[in-house]
Amino acid sequence: QCVFGYFEGMQSDPIYIKINKPDGWETGTALMINKEGYYLAESFDQVVDSPILTGKLTEAETKIGKCLIKIYTYSKTGMLKSADILNSVNDILNAEDKFTKGLPVDHYTFLFHFEDIANGAWEHSYSSEYIYKEAPLTELYNEHLRTVISHEFFHIITPLNIHSQLI
């Protein structure tokens, strides 16, 4: 909501986003991309609910049940990679799929930014973002990340898909 906006009365209109980036940069987001290279959002609200990470990222993906999971990671020195994070949390993702008898989304994107500061994590309908200090993936650090990832990912159940009036 700090980068994008909308004209009065157009908050519910579709938005097409084109990201121009240097060679070698990738973009991670839960937004779908069309043949012309535009990311598609049904409305301004979906843009706000779909963080975007662009830079020199590593990528990893897997299928958990019917849900495509993608992980994008920026690591300042390249110390942390998406494949390592996926290997670390694959059991958690499968356990949540089993617990819910199928995840309520068809895709989900994890965005990691490892640099000099930590600001925590935020859940969104089809993604979550994590801003943490870059550090070696020791057993203790790995367990901390697993706990936070599990917590944020489980928000696809509540409150994002089950609201208080249903509980």
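Below is a table of values for the structure above.
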quantity: Cβ-Cβ FRET estimate between Asp116 and Ile19, R0 fixed at 25 Å, reported to 0.05; calculated: 0.55
quantity: For the range 40-98, the fraction of alpha-carbon pairs in successive 5 Å shells from zero, as %; calculated: 4, 16, 20, 18, 19, 16, 6, 0
quantity: Number of Lys pairs (Cα under 27 Å; 8 or more positions apart or on different chains) in the range 42-161; calculated: 17
quantity: Efficiency of FRET from Cβ geometry, Leu140 and Ser43, R₀ 35 Å, rounded to 0.05; calculated: 0.25
quantity: Residue of Thr27, Thr58, Thr147 that the Gaussian network model of the chain assigns the largest fluctuation, springs spanning Cα pairs under 10 Å; calculated: Thr147
quantity: Computed [θ] at 222 nm, deg cm²/dmol, the chain (DSSP H ≥ 4; -39,500 (n - 2.57); rounded to nearest 500); calculated: -7500 deg cm²/dmol
quantity: Accessible-area value, Met79, 1.4 Å probe, nucleic acids and ligands omitted, Å²; calculated: 90
quantity: From the C-alpha gyration tensor of the range 1-61, square roots of 5λ in Å; calculated: 23, 11, 11
quantity: Fluctuation leader among Tyr74, Tyr39, Tyr141 - the chain, Gaussian network, Cα springs under 10 angstrom; calculated: Tyr141
quantity: For the chain, alpha-carbon Rg and Dmax in angstrom; calculated: 16.3, 51
quantity: Whole-percent carbon and sulfur share, accessible surface of the range 17-122, 1.4 Å; calculated: 51
quantity: Heavy atoms of Lys76: accessible area, 1.4 Å probe, square angstrom to 10; calculated: 100
quantity: Residue-normalised accessible area of the chain, given per residue in Å² at a 1.4 Å probe; calculated: 59
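The values are calculated or read from the model by the stated rules, or taken from the named source; none is laboratory data. Fair warning: this is a prediction, and the values are worked out from it, not measured in the lab. Heads up, the Cβs are rebuilt from the backbone with ideal geometry, glycines too, and the neighbour counts pull from every protein chain shown. For the accessible areas, the whole protein counts, side chains as well, though only heavy atoms, and no ligand, DNA or RNA atoms are used. Shrake-Rupley method; radii C 1.70, N 1.55, O 1.52, S 1.80 Å.
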